[in-house]
Amino acid sequence: MALANPKSNYMEGILNIGNLKLESGDIIEQVHIAYERVGAKTGPIILVCHALTGNQYTVGREEEPGWWNNLIGPNQLINTNVFQVITTNVIGGCNGSTGPTTINPSTKKQYRGSFPFVTVRDMVQAQYKTLQKLGVKHLHAVIGGSLGGMQVLEWGILYPDFMNHLVPIAVTPYLSDYAISFNSIARYAITQDPLWENGDYSSKKGPDTGLSIARMIGMVTYRSDQLFNQRFSRGLRSEWGKEHREQSFEVESYLTYQGKKLTKRFDTNSYLYLLKAMDSHDIGRDRGGWRDAAKQIKAKLLAISFKGDLLYPAEELKELTEILEQLGRSSKFAYIDTAFGHDGFLVEFERWGSILKEALYS
């Protein structure tokens, strides 16, 4: 399946990449990966990797812009008049790629809670097979933030000669215990929802309360305390002190809105599986530790961290660039001053986009 718009060189589709053997040894049969491909037809190819609740639509369409449409496009910082950009929906996702909502070819029923656990490395292997199907032999760059940044680092180690540039953003070489703690609380919120039913929930009435709470937990970590305090300033919606379920403060209403909003577009099981994949992130796992693993990276590397990022502090990503510098490889680190914290990779492109643009032309 593919839709093409010759005027904008835009295409989206879903590819069957065959069976996929996972790190666990499990095999997923007849894997499908959804993708978006946009930009110069013969230009250098950039692979973009998306974050937890992202999807393949980085650019999107005029009626529904993608999540990085202010960064990628004609005459944008990533100029699609020059570059071709491909994004895939990760395996385990819920936007067209094989995941818990997919029909299991063996049972003819949705996988749901029986879907096998996947890792970041599995995501990269699926992306590699997708690129092979698309006829891509080499990448100019691999770029991504958060879960996307985890994929970028794994790309650099699994396929060190396949790209010229790596741009891991808002990420660390492994997920810290502190970050895993928030994922654990989010999982607990979902799995304790009585409608979760061990992942076999009804398509009409699922564990929306659990997913909403999980999203609210995540939202608190994505932005800095400074931004929350500046934006809401203890603003009141109504009188407070009447009952426990009231939402008197603006910040309470904001979090509730964000939680409910996610339930309209994202599958709860996919959320759980992708959280687990993030927990598995450690480029040093079975490779002698992350510092030794980092030495396998050959591509030019630009690492970007953001002030106030609770989940992915800058120190270790900076150390990774220093390790590569000591080996004589092209490696740069950028620390962006922002009040947005972790979500800095989704906004304020004027603060860091020019650094990215310079790297892509180097």
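The values are calculated or read from the model by the stated rules, or taken from the named source; none is laboratory data. Note that the coordinates shown come from a computational prediction; the quantities given were computed from them, not determined experimentally. We place every Cβ from the backbone using ideal geometry, glycine too, and count neighbours over all the protein chains shown.
Residues are listed down the side, and each one gets a yes or a no for (1) in contact (Cβ under 8 Å) with a residue 12 or more places away in the chain; (2) within 16 Å of ALA34 (Cβ to Cβ); (3) not assigned by TED's automatic domain parsing to the domain that holds TYR222:
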| position | (1), (2), (3) |
| --- | --- |
| GLN110 | no, no, yes |
| THR130 | yes, yes, yes |
| LEU139 | yes, no, yes |
| GLY148 | yes, yes, yes |
| GLN151 | yes, yes, yes |
| ILE157 | yes, no, yes |
| PRO160 | yes, no, yes |
| VAL167 | yes, no, yes |
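Is there a residue being under 18 Å from PHE266 (Cα atoms), hydrophobic (A, V, I, L, M, F, W, C) and surrounded by fewer than 19 Cβ atoms within 10 Å (Cβ to Cβ) anywhere in segment 100-110?
yes
Hey, PRO168 hits all of (1) crowded, with 22+ Cβ neighbours inside 10 Å; (2) touching a helix residue (DSSP H, G or I) at 6+ places or on another chain (Cβ under 6 Å); (3) in a helix (DSSP H, G or I) but one; which does it fall short on?
(3)
State all residues of segment 260-275 that are within 18 Å of ASN95 (Cα to Cα) and either surrounded by fewer than 18 Cβ atoms within 10 Å (Cβ to Cβ) or aromatic (Phe, Trp, Tyr) (or both); if no residue qualifies, say none.
LYS261, LYS264, ARG265, PHE266, TYR271, TYR273
Check whether at least one residue in segment 65-80 is among the hydroxyl-bearing types (Ser, Thr, Tyr) and under 25 Å from ASN16 (Cβ atoms), and report yes or no. Don't jump to the end; show me each part of the working.
As a first pass, look at segment 65-80 and keep what is among the hydroxyl-bearing types (Ser, Thr, Tyr): 80.
Filter once more, keeping what is under 25 Å from ASN16 (Cβ atoms): none.
Scanning segment 65-80 turns up no residue that is among the hydroxyl-bearing types (Ser, Thr, Tyr) and under 25 Å from ASN16 (Cβ atoms).
Name the one entry in THR53, THR88, THR58, THR42 that is at pLDDT below 95 and not small (Gly, Ala, Ser).
THR42
Which of the strands (runs of 3 or more DSSP E) contained wholly in segment 1-94 include at least 3 residues that are over 28 Å from ALA299 (Cα atoms)?
It comes to 2-5, 10-21, 27-39.
Would you check which residues across segment 286-322 are farther than 16 Å from SER176 by Cβ and surrounded by fewer than 18 Cβ atoms within 10 Å (Cβ to Cβ) and list them?
Of everything in segment 286-322, those that are farther than 16 Å from SER176 by Cβ and surrounded by fewer than 18 Cβ atoms within 10 Å (Cβ to Cβ) turn out to be ASP286, ARG287, GLY288, ASP292, LYS295, GLN296, LYS307, GLU322.
Criterion first (modelled with pLDDT under 95, farther than 17 Å from LEU272 by Cβ and buried (at least 17 other Cβ atoms within 10 Å of the Cβ)) does SER233 satisfy it? Before the answer, list the steps.
Working: modelled with pLDDT under 95: yes; farther than 17 Å from LEU272 by Cβ: yes; buried (at least 17 other Cβ atoms within 10 Å of the Cβ): no.
It is false that SER233 is modelled with pLDDT under 95, farther than 17 Å from LEU272 by Cβ and buried (at least 17 other Cβ atoms within 10 Å of the Cβ).
Might you let me know whether segment 120-142 holds any residue that is in a loop (DSSP other than H, G, I, E, B), of a type in the set (Phe, Trp, Tyr) and under 24 Å from SER270 (Cβ atoms)?
No, segment 120-142 contains no residue that is in a loop (DSSP other than H, G, I, E, B), of a type in the set (Phe, Trp, Tyr) and under 24 Å from SER270 (Cβ atoms).
Has segment 68-89 got any residue that is under 23 Å from VAL118 (Cβ atoms), touching a Gly at 6+ places or on another chain (Cβ under 7 Å) and crowded, with 23+ Cβ neighbours inside 10 Å?
Checking segment 68-89: at least one residue is under 23 Å from VAL118 (Cβ atoms), touching a Gly at 6+ places or on another chain (Cβ under 7 Å) and crowded, with 23+ Cβ neighbours inside 10 Å.
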